[in-house]
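Taken together, the values in this text are just the output of simple stated rules run on the coordinates, not laboratory data. Keep in mind the model is a prediction, meaning the values are calculated, not measured. Reconstructed Cβ throughout: ideal geometry from the backbone, glycine too, with neighbour counts over all protein chains shown.
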Amino acid sequence: MNDSIIKLIKLPVISDDCKLAVAENSKLPFEIKRVYYIYGNENNLSRGFHAHKENQQILFCLRGSVRMIIESAEGKSECTLANPSEGIFLDQMVWHEMHDIDESTILLVIASHEYDELDYIRDHQVFIDLIKK
Ligand code: TYD
């Protein structure tokens, strides 16, 4: 385990009668080109199991919790996200897996690039070979 590979991004939160977390382009490691969210995981299936060549992302758990497994050239680690204002930075060439998600979990992802299947590395052995180069 190498916990230093877990890069958390903490958004500023305004607290009045609610909490309001804000993400602004100028304070993020990349410019936002895409936003998507994952919800309704009826069968509690794990997701991810890929890395991106170019795309960078920040994943927030807006509701519930998610156990993240992260692997990069620097090593492997794991953490649980449960605070909606604290996201995990998924840089280029970071293998990521999302586990223990249930139907009520909501994950929000902000991304540096629009969707491109060619940017994905979905074969773990191919990923390992690339990071060893
Ligand atoms: P994927 O990125 O593999 O999801 P996860 O990381 O949650 O496991 O995407 C799942 C499917 O959705 C896959 O067929 C590609 C498609 N998809 C899009 O069409 N556009 C998108 O922006 C994303 C993220 C996925």
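Karplus couplings for the range 60-72 from phi (6.51 cos²θ - 1.76 cosθ + 1.60, θ = phi - 60°), rounded to Hz, Gly and Pro as x?
10, 9, 7, 8, x, 8, 9, 9, 9, 10, 10, 9, 9
Which length gain, in nm to one decimal place, applies between E24 and N2 when the Cα-Cα distance is subtracted from 0.36 nm times their residue separation?
Full extension of this stretch gives 5.0 nm more.
Quick one: which residues, 5 or more positions from I9 or on another chain, have an amide H under 5 Å from its amide H? H modelled 1.01 Å from N in the peptide plane, none for Pro or chain starts.
Close amide H contacts, sequence-distant or interchain: G87, I88, F89.
Using a simple charge model, +1 on the beta-carbon of Lys and Arg, -1 on the beta-carbon of Asp and Glu, nothing else, what dipole does the chain show about its Cα centre, in debye to the nearest 20? Mind dumping the intermediate values first?
Details: 14 positive and 22 negative charges, 49 e Å.
Using Cβ point charges on Lys, Arg, Asp and Glu, the chain gives about 240 debye.
What shape does the chain have by the C-alpha gyration tensor, where a ≥ b ≥ c are the square roots of the eigenvalues, rounded means a/c under 1.5, and otherwise prolate means a/b greater than b/c and oblate the rest?
prolate
Anyone know which of D116, D16, D91 comes out most mobile in the 10 Å Cα GNM of the chain?
Top of the fluctuation ranking is D16.
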